[in-house]
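Structure first, commentary second.
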Amino acid sequence: MDILSIIGLLLAACAILIGAVLKGAGIHSLLSGAAFMIVIVGTIAAIFVQTPLPVMKRAMAIFPWVFRPPANQRDSVISKMVEWSNTARKQGLLGLESVIDRESDDFVRKGLQLVVDGSEPEIIRNVLEVDLSTREQADTRAAKVFEGMGIYAPTLGIIGAVLGLMAVMQNLADPAKLGQGIAAAFVATIYGIGFANLFFLPVASKLKVAIQAMSQTREMVIEGMISIAQGENPRSIEAKLQGYLH
């Protein structure tokens, strides 16, 4: 569990709500169904138009990574690589065949299968790097869905404010309604800028960090698989892969 994400979102909510109270506006002033429809529903509509369905599904699938990032236990991966290297040196590459089905990570299973099949190191690298690049690009596109929402939300907030001011202009003959009307008009701007900078953009950045960490772990796996295929000494493999821990 990423405790910083939870604390950050709670602090963001407190900053807006307590700030509204301290400024004298009150929490009730932030509640506006019209602003919600224009900014939030409008942002979702805009991102639906921009994003293909498979990318949107992937974005929803990786959103939980903000709170629970994928496990990147590189120490464990290095230990496995050293163990597999010892097995390969004692029993040959076919000795790793029984290991494949026990692995939960399909990327690792793919690498092990290539090693067991006796593929050339260069082929192993090319196949796994294509797989890595494809996964990374797909996940990055998914993360950019939230980045796009962070771009659209402030603009829709301005649209909401303009629509609110248009409504105010229609009531110029009633001065009693002007102050309340102008205040309500700017709620949409708060929604747009607030959600963009306190939620959408931070979520996108957090997902990109998780994606980069996963890619680095997979790069380590690629180097380990190639080293095993080349029959390198287990200690040398361990020393090489230790560099990915920094």
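The values are calculated or read from the model by the stated rules, or taken from the named source; none is laboratory data. Fair warning: this is a prediction, and the values are worked out from it, not measured in the lab. As a convention, Cβ positions derive from the backbone with ideal geometry for all residues, glycine included, and neighbour counts pool all protein chains shown.
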Being aliphatic (A, V, I, L, M), more than 29 Å from the chain's Cα centre (by Cα) and over 30 Å from SER236 (Cβ atoms): is that true of ILE27 here? yes
Kindly check whether there is at least one residue in the stretch 99-106 that is assigned to a helix (DSSP H, G or I), surrounded by 15 or more Cβ atoms within 10 Å (Cβ to Cβ) and of a type outside the set (Lys, Arg). yes
How about the stretch 62-76: which of its residues are free of Cβ contacts under 8 Å to residues at least 40 places away in the same chain and either part of a loop (DSSP other than H, G, I, E, B) or surrounded by 13 or more Cβ atoms within 10 Å (Cβ to Cβ) (or both)? ALA71, GLN73
Which members of the stretch 120-144 meet the condition of being buried (at least 19 other Cβ atoms within 10 Å of the Cβ) and over 25 Å from the mean Cα position of the chain (by Cα)? ILE124
When you scan the stretch 80-94, do you find a residue that is over 30 Å from GLY243 (Cβ atoms), of a type in the set (D, E, K, R) and assigned to a helix (DSSP H, G or I), even just one? no
Identify, from the list ALA138, ALA183, the residue that is in a helix (DSSP H, G or I) and more than 30 Å from TRP84 (Cβ to Cβ). ALA183
Some residue of the stretch 158-165 being over 30 Å from ILE222 (Cα atoms) and modelled with pLDDT of 90 or more: yes
